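One structure is given here, and the rest of the page talks about it.
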Amino acid sequence: MTATHSRLLAFGSAFPERVLTNHDLAQRIDTSDAWIRERTGIEQRRQLADGENNSDIAAAAAQAAMARAGIDASDIDLVLACTNTPDRWLPSLGAAVQARLGLRAGVPAYDIVTACAGWLAGLQTADALVRTGHHRHVLVIGSEALTRFVDWSDRNTCVLFGDGAGATIVAPAQADDGGVLIDVRLHSDGRYGDIMTLPAGGTAMPTTPEAATRRLNCIHMDGREVYAHAVRAMVEVSQEVLTRNGLTLGDVDWFVPHQANLRIIQAVARRLGMPAERVATNVHKYGNTSTATIPTCLQEYEADGRIRRGQLVLMTAFGGGLTWASGLMRW
């Protein structure tokens, strides 16, 4: 049976307990709390403990979303794990989460690797599969263990990233349902892949002692280029998804951008003409958690009543690849 639309039933989040503040980082590298706040708006981030893995927080976020949606493991018929930092490249994070949740044998689970736009790519995939009747309850997780891949001697990158997970369940929408996913637009441009990259660890450059010594198994980023591309792309794709659906910024109740850093968020909002009081942010508490930033921000704002039923939510993200996306949801 096909559905006209899909809906997001509920959100769930999970973060490691370990808090890494700017003052903590200042004990390790040449930086300060004031320097980091001024350039990024970040005050602290979460870090996985030794022995803790991405699949731990991914499964916890999924369980939280399922509990809030009032469904159990037997209802889930597909797992989409949107991540850039799986526990291992084989098997997938999706398969690891499937086992952790105790889903029945045969339920498909796979990863979507689309950098920081990954969770919106997961929503787009889930929406298509639900509306065509292939699946009824798709678990879409954005989960990252980015602190395992930062160069702790590079103050321009290590201050940005944190670990965290956010999840939702996408299901068929009935008339007058809340949480309806209206549209998702996704784009990429591989010509600029080198401005944000993790060079070693793949087939082009396996991780070797030499690569590790040169920190090539860590995230490398040209901050100025990323800023310029991110602001332009997120503004354009946000305008695209609104125009495509006959809407304007005036119709939007909440703008939920990717929490890369506060400067990018403010620049995008300013160029769009979105008032600051309608821009959702939690980057100060968690840093950039890539695929997890939008779902964890949605969960926080919905849970405390700021995002309410019937409100129009505009989401947008930008990441390496380059990839960028925007989505609309009537919560």
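Is it the case, given these coordinates, that residue 224 is closer than 21 Å to residue 167 by Cα, surrounded by fewer than 20 Cβ atoms within 10 Å (Cβ to Cβ) and out of contact with any strand residue (DSSP E or B) (no Cβ under 7 Å at 6 or more places or on another chain)?
Numbers: closer than 21 Å to residue 167 by Cα: no; surrounded by fewer than 20 Cβ atoms within 10 Å (Cβ to Cβ): yes; out of contact with any strand residue (DSSP E or B) (no Cβ under 7 Å at 6 or more places or on another chain): yes.
Judged against the criteria, residue 224 is not a match.
Would you call residue 191 surrounded by fewer than 18 Cβ atoms within 10 Å (Cβ to Cβ) and on the phi > 0 side of the Ramachandran plot? No; evaluated as a whole, the condition is false for this residue. Look at the range 54-79: where a residue is closer than 16 Å to residue 170 by Cβ and a partner is crowded, with 18+ Cβ neighbours inside 10 Å and of a type in the set (Phe, Trp, Tyr), sitting 6+ places away or on another chain with Cβ atoms under 6 Å, you get 65/11.
Residues checked against (1) over 19 Å from residue 71 (Cβ atoms); (2) out of contact with any His (no Cβ under 8 Å at 6 or more places or on another chain); (3) among the aliphatic types (A, V, I, L, M); (4) not assigned by TED's automatic domain parsing to the domain that holds residue 71:
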{"residue": "95", "(1), (2), (3), (4)": "yes, yes, yes, no"}
{"residue": "101", "(1), (2), (3), (4)": "no, yes, yes, no"}
{"residue": "104", "(1), (2), (3), (4)": "no, yes, no, no"}
{"residue": "128", "(1), (2), (3), (4)": "yes, yes, yes, no"}
{"residue": "140", "(1), (2), (3), (4)": "no, yes, yes, no"}
{"residue": "145", "(1), (2), (3), (4)": "yes, yes, yes, no"}
{"residue": "158", "(1), (2), (3), (4)": "yes, yes, no, no"}
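So that you can scan it fast, the table gives a plain yes or no per residue for (1) buried (at least 17 other Cβ atoms within 10 Å of the Cβ); (2) touching a Pro at 6+ places or on another chain (Cβ under 8 Å):
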| residue | (1), (2) |
| --- | --- |
| 13 | yes, yes |
| 28 | no, no |
| 49 | no, yes |
| 54 | yes, yes |
| 65 | yes, no |
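Quickly run through the range 109-134 and pick out the residues that are part of a loop (DSSP other than H, G, I, E, B) and buried (at least 22 other Cβ atoms within 10 Å of the Cβ). Result: 114, single match.
Suppose the filter is in a loop (DSSP other than H, G, I, E, B), in the same structural domain as residue 309 (by TED's automatic domain parsing) and under 24 Å from residue 308 (Cα atoms); does residue 216 pass it?
Here the answer is no, as residue 216 does not meet what is asked.
Quick check on residue 143: is it outside any helix (DSSP H, G or I), touching a residue at least 12 places away in the same chain (Cβ under 8 Å), surrounded by fewer than 17 Cβ atoms within 10 Å (Cβ to Cβ) and polar (S, T, N, Q)? So residue 143 fails the test. Among residues of the range 228-243 that are on the phi < 0 side of the Ramachandran plot, none has a Cβ under 6 angstrom from a residue that is in a helix (DSSP H, G or I) and polar (S, T, N, Q) at a sequence gap of 6+ or on a separate chain. Among the residues of the range 86-97, is any of a type outside the set (A, V, I, L, M), within 30 Å of residue 227 (Cβ to Cβ) and at pLDDT 95 or above? Yes, that holds for at least one residue. Taking (1) closer than 23 Å to residue 302 by Cα; (2) surrounded by 24 or more Cβ atoms within 10 Å (Cβ to Cβ) in turn, residue 98 satisfies each apart from (1). Sub-8 Å Cβ pairs linking a first residue in the range 107-136 that is farther than 28 Å from residue 197 by Cβ to a second residue that is surrounded by fewer than 24 Cβ atoms within 10 Å (Cβ to Cβ) and basic (Lys, Arg), at least 6 apart or interchain, are 130/136, ordered by first then second residue. The single condition among (1) of a type in the set (A, V, I, L, M, F, W, C); (2) buried (at least 16 other Cβ atoms within 10 Å of the Cβ); (3) assigned by TED's automatic domain parsing to the domain that holds residue 45 that residue 186 does not meet is (3).
The values are calculated or read from the model by the stated rules, or taken from the named source; none is laboratory data. Treat the numbers as computed from the prediction; the structure is a model and nothing was measured. Reconstructed Cβ throughout: ideal geometry from the backbone, glycine too, with neighbour counts over all protein chains shown.
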